[in-house]
Amino acid sequence: MNNSLRRLDLNLLVTLDALLAEHNVTRAARRLHLSQPTVSVQLARLREVLGDPLLLPGPRGMRPTARADELREPLRLALEALERAVAPSRPFDPARAAQTWRAAASDYGESTILLPALAALRAAAPRSRLAILELNPPMLARQADQGDVDLAFHIAAEASPGLRQRSLFVERYVLAGRKGHPRLKRRPTLAQFCTLDHAIVSADGGGFQGVTDAALARLGMTRRVALSVPHFLFLAAVLASTDLVALVPSRLVLGNRALQVVEPPLEVAGFEMLMLWHERLHRDPAHQWLRDLIARSV
């Protein structure tokens, strides 16, 4: 770094800018809301550091030296750039913005969080774009830190502790099967429930046990899981076209006319859905707007 710059501070540069604009110590002091002696001391310091008198006495006030004239425009531009850099962020205008957001979600999060928010997002920010990425929980904190993911949606029990979070809702499980399923005309008893053929979503791939089986085990009971699938949306299609049943998150089957939904005969703990993001985006006006829009939509 230039030695002269090391000896300057921002206050001296602001004073120099005022002096070059006013050509008068008294008027510069008034402009800066400082005393005249203070500005005089700062002018002396500037002369010492820059090795130039900068302003010389003239018949009608002070006249800038050639060095001062050289400094005027680049100094003004530099100070304006600094003012813009430290100025408060402007309010986000979604109608004019051309943002690209990247959100990570499972198929459940896509259906229950992003899909309900999409119409409002398109209407309010028509020039912006949204990329939906497959949720990868072990990599989420790193993806957020590197800027590969702006928002993520995941269950609270597995949320990355280093990320900011906002609770969206608490989900519960219901028992679902095809419309007109002969075993779901009414809520089954626990014994009847265990004799049904069940399907399950296995997050880790290929598993045949889940939270329902843990709840049954505490009662000394078991069920038959005939099908394990990786995605909730495929599960909904399976239920609509077979006699299989499943305990599914209620929001996933809400309004699905192809399915019959009843309360399960045992209590299975639900889960809390969170919206997650990195600290570096926490105060960004555009990101704040997007988070609020999604939270209002679910």
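Computed values, structure above
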item: About the Cα centre, charge dipole magnitude for the chain (Lys/Arg +1, Asp/Glu -1 at Cβ), debye; result: 760
item: Hz values of 3J(HN,Hα) by residue in the stretch 12-27 - Karplus curve (6.51, -1.76, 1.60), Gly and Pro given as x; result: 5, 5, 5, 5, 4, 4, 5, 5, 6, 7, 9, 6, 7, 5, 5, 5
item: Relative packing of 20-28, 201-209, 270-278, which averages over residues the other C-beta atoms within 10 Å, highest first; result: 270-278, 20-28, 201-209
item: Sites matching trypsin sites (Lys or Arg not before Pro) across the stretch 91-150 that sit in DSSP coil, with at most 12 neighbouring C-beta atoms within 10 Å; result: Arg96, Arg127
item: Cβ charges +1 (Lys, Arg) and -1 (Asp, Glu), total dipole of the stretch 128-232, debye; result: 840
item: ³J(HN,Hα) computed for each position of the stretch 190-198 - Karplus, 6.51 cos²θ - 1.76 cosθ + 1.60, integer Hz, glycine/proline x; result: 4, 5, 5, 4, 6, 8, 6, 8, 10
item: Under-5 Å amide H pairs with Arg102, H placed in peptide plane, nonlocal only; result: Ala131, Asp150, Leu151
item: Summed residue charge, Cβ within 13 Å of Met139's Cβ, Lys/Arg positive, Asp/Glu negative; result: -3
item: Cβ-based charge dipole, the chain, positive-most Cα from Val86, Leu8, Leu135; result: Val86
item: Over the stretch 54-208 - Rg/Rh using Cα atoms and the Kirkwood inverse-distance radius; result: 1.34
item: Cut-off 9 Å between beta-carbons: net charge of the residues surrounding Leu54, Lys and Arg +1, Asp and Glu -1; result: +1
item: Extension reserve of the Ser202-Asn136 stretch, reckoned as 0.36 nm per residue once the Cα distance is removed; result: 22.3 nm
item: Cα-projected label distance for Arg47 with Val238, points at 7 Å along beta-carbon direction, nm; result: 8.7
item: Residue-count net charge about Ala105 - beta-carbon cut-off 13 Å; Lys, Arg +1, Asp, Glu -1; result: -3
item: Å² of accessible area per residue within the chain, as computed with a 1.4 Å probe and no ligands counted; result: 57
item: Accessible carbon and sulfur surface of the chain relative to its total accessible area, %, 1.4 Å; result: 52
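The values are calculated or read from the model by the stated rules, or taken from the named source; none is laboratory data. Small disclaimer: the values here were computed from a predicted structure and weren't measured. Every residue, glycine among them, receives a Cβ derived from its backbone with ideal geometry; neighbour counts consider all protein chains shown. Just the protein is used for accessible areas: all its heavy atoms, side chains included, with ligands, DNA and RNA removed. Shrake-Rupley method; radii C 1.70, N 1.55, O 1.52, S 1.80 Å.
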